[in-house]
1. Among the residues of region B:186-200, is there at least one that is aromatic (Phe, Trp, Tyr), within 9 Å of another protein chain (Cβ to nearest Cβ) and without any contact (Cβ under 8 Å) to a residue 12 or more places away in the chain?
2. Which residues, counting only those in region A:253-267, are open to solvent by 20 Å² or more (accessible area, probe 1.4 Å) and among the polar types (S, T, N, Q)?
3. Name every residue in region B:219-237 that is part of a loop (DSSP other than H, G, I, E, B), open to solvent by less than 40 Å² (accessible area, probe 1.4 Å) and either free of Cβ contacts under 8 Å to residues at least 60 places away in the same chain or within 7 Å of chain A (Cβ to nearest Cβ) (or both), in order of residue number.
4. Say we look at region B:131-152 and pick out the residues that are surrounded by 24 or more Cβ atoms within 10 Å (Cβ to Cβ) and hydroxyl-bearing (Ser, Thr, Tyr); which of these is farthest from the other protein chains (Cβ to nearest Cβ)?
5. If the requirement is being in a helix (DSSP H, G or I), open to solvent by less than 10 Å² (accessible area, probe 1.4 Å), away from every other protein chain (no Cβ under 14 Å) and under 30 Å from residue B:127 (Cβ atoms), which of these qualifies: B:250, B:284, B:330?
6. State whether one or more residues within region A:415-422 are closer than 23 Å to residue A:22 by Cα, at pLDDT 95 or above, not in a loop (DSSP other than H, G, I, E, B) and not small (Gly, Ala, Ser).
7. Kindly establish whether residue B:369 is open to solvent by less than 10 Å² (accessible area, probe 1.4 Å) and within 10 Å of residue B:298 (Cα to Cα).
8. If we keep just the residues of region B:171-216 that are outside any helix (DSSP H, G or I) and open to solvent by less than 10 Å² (accessible area, probe 1.4 Å), which is farthest from residue A:214 (Cα to Cα)?
2 protein chains.
Amino acid sequence: MSINTQQLAEFLAELNYEQIPEHVLDRTEDLFLDWLGSALASEGARPIPLFEAYAQKMGPADGPARILVNGRGTSAYFAALVNGASSHLVEQDDLHNSSVLHPATVVFPAALAAAQDLGKSGRELLLASVAGYEAGIRIGEFLGRSHYRIFHTTATVGTLAAAVAVGKLLNFNQQQFVHLLGNAGTQAAGLWEFLRDAADSKQLHTAKAAADGLLAAYFTEQGLTGAQNILEGEQGMAAGMSSDANPSKLSDRLGSRWALAETSFKFYASCRHTHPAADALLDLMQREGLRHGEIKQVITHVHQGAIDVLGRVLVPQTVHQAKFSMGTVLGLIAVHGKAQLTEFENLSLTDADVAAFRDKVSMRLDPEVDGAYPARWLGRVEVITTDGRTLRGAIDEPKGDPGNSLNRSELEDKFRRLLAFAGKRSSDEAGVLIERVWRLRETDDLSNLIL
Amino acid sequence: MSINTQQLAEFLAELNYEQIPEHVLDRTEDLFLDWLGSALASEGARPIPLFEAYAQKMGPADGPARILVNGRGTSAYFAALVNGASSHLVEQDDLHNSSVLHPATVVFPAALAAAQDLGKSGRELLLASVAGYEAGIRIGEFLGRSHYRIFHTTATVGTLAAAVAVGKLLNFNQQQFVHLLGNAGTQAAGLWEFLRDAADSKQLHTAKAAADGLLAAYFTEQGLTGAQNILEGEQGMAAGMSSDANPSKLSDRLGSRWALAETSFKFYASCRHTHPAADALLDLMQREGLRHGEIKQVITHVHQGAIDVLGRVLVPQTVHQAKFSMGTVLGLIAVHGKAQLTEFENLSLTDADVAAFRDKVSMRLDPEVDGAYPARWLGRVEVITTDGRTLRGAIDEPKGDPGNSLNRSELEDKFRRLLAFAGKRSSDEAGVLIERVWRLRETDDLSNLIL
């Protein structure tokens, strides 16, 4: 086994609660609240009821783990599956930039389901979640940009991140973590192909990543052995699914760098690849006092990954696909000044001004932006006005990034907006849930965390 | 969507029982019996009890689908999972040469579980299984040799083959089959890396392929949409997991070529890559009246795939790994004349003569053998005797291949050997099961197929 995998497994085995800085624990609670809101916002929305029905058909009638959107008890596997699908649907869950991984939607469903199944405390849940984030982010960075070009990193790497979180709840030692990576890595799957058809695979990906990661951990605990070098071996993940893997990323500053704290919150309800340009355009329009009708053309200067992911969506056919349309997102910003869930739901497909603006927007690969990516997501737009001026907008850290993050008050607002969007829970319930999450580290019993 | 995928989906939707030639239906029953024996042979053997325990922990207390090794009722998902693990353990299940796919171990567990769940007949099970074989084999051929170098085709392609079989039981139309391929293909996973560590992943792979394929079909039936071009698209399976994909293979002689009937039965209890050399050596030793002590050196002339899969195993540490050791397999043949389950269990790790013979065996890439592969698996060995002679052995179709197949009497013998190996079922029981399988097409109720 390689030294990098060895070091990562050793770190994961030895990581303890006391060692995690206070600000990282705080941020973990922030991320958990953000995740919970994202999951609850999906209540009743297609295709989540399909996952609920599947859990009922294939799973037990009751169990110690809870499905968030309907409150039903089930086994840990099915809770992870349904909650994994739920939390990625409205595209409001977190993102880690340089790994291009959405950690929350895979780590928390698996960790919470296993914690409820195993009777663990809030502190143990936080510790496990930190382990999942730290491992997942480093594995995503290790697999590099070539991986993300074809594979949905949150699905593939997500399987390992979820597995690690559950392995930590099961108190794995170093050798067990190595087996666990093997058992999770050999199940890692998820292709971007679905995106151009607006297919439902994104929910399937996060559901399966969370559930398969949990499955890998429970099997490993029972003694199922895995490949010892699944990440770096000659027939392992990097060999099969990457052409620019960097093994040193796996053990990058373990114990001193807290990658979890680098995770960005989503401010707009769209694919994160649209956010830098959206912020840059908004900034420019406010600065210049420009209105959407005065704009003739917008050229967004982007990284290659944005073109790969967004380039297929020309005229969005569904609200979900609209979140992957650069033109639609900038249209919502330009015309309505906002691109939250409500705007997507009500305006993204039907508003004539937004549609007209969409057709003015193009993407262009920019060497500076591409060179900075994925460590930094620079926003650069070039606007040509109807009266012939060329204006430029630039932001270096989009809203929600670590240096431009959301504070607890903003996170609470976002949480309340998410619950209001689903329309199934009262403002009082939202308040209770917020309080519970802010007291997560004092909670001994997670079985009734959610109302 | 591409024309090849379109044609494949159309064929699958329109395939009906009457259209399948009698000899193909006969062969499907042959393959089913062979599969059933392989599954039952694993009863009690590690790691199968781990899968049984997982199904009990995560699944329902009872259900319409049966776990073969313990007879318990459960949901279709968990029956497919456990039976998928079971049927690949003893390495006696079938193999299709040119796709390098083991179809039975993924198609039958999913098809039988779904048929029991849905109350389908034996004829419907046979039709669905034919669909799974025809699709899986063509998709394996499509992904080509480069795929198999890193990915365990039975795991990856197996997910789609299992899905197709279940989709046929659900009476999918062409468009549903396209969605189904998308939903299954984006879950396709399985890396060869485990093999050098003798890890348990092979069982995890077939278990997950069968279960995930079934999951994909049930979700598709409920309306979950999938990528329309998962096989050939720019971010699909071939793009991510192959460098020599050949789209024309997907629609190769649909309806006139019955790929199922090309499937080989395993005669030896080892990895199929060892069989051509084993037959060639046995033939040479019998022809020359040679004994193992008279052999100084054996050079097997093999295809690259054999080196990729077998090359990592030098001194096997487990019985399972011994099945992937060319030297051990040839040692059993040379010393004991046989390499069935009993020889592997009792002699492969402990017999001093076998170990000594093992060290005399090497593999060498042979252009002729490699050029014929994977359509034909040629056996070529070069033997240097202790008295200095160089002898050559050659067979062009190893025992079990379509042109050198097992007849029903040989298949019954193999089935009885497999059940006797596990030692859990009487000879009478074996006889009853054989009779039931030979009457599969007259069976309306599959719920109690297995005792």
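The values are calculated or read from the model by the stated rules, or taken from the named source; none is laboratory data. The structure displayed is predicted, hence computed values, not measured ones. When we count neighbours, we look across all protein chains shown, and the Cβ atoms used for this are built from the backbone with ideal geometry, even at glycine. Side chains are part of the model used for accessible areas, which takes the heavy atoms of the whole protein and leaves out ligands, DNA and RNA. Shrake-Rupley method; radii C 1.70, N 1.55, O 1.52, S 1.80 Å.
1. Yes, the conditions are met somewhere in region B:186-200.
2. A:256
3. Across region B:219-237, the qualifying residues are B:223, B:224, B:225, B:226, B:227, B:228, B:229, B:230, B:233, B:235, B:236.
4. B:133
5. Of B:250, B:284, B:330, the one residue that is in a helix (DSSP H, G or I), open to solvent by less than 10 Å² (accessible area, probe 1.4 Å), away from every other protein chain (no Cβ under 14 Å) and under 30 Å from residue B:127 (Cβ atoms) is B:250.
6. Looking through region A:415-422, at least one residue is closer than 23 Å to residue A:22 by Cα, at pLDDT 95 or above, not in a loop (DSSP other than H, G, I, E, B) and not small (Gly, Ala, Ser).
7. No, not satisfied.
8. Only one residue tops the list, namely B:172.
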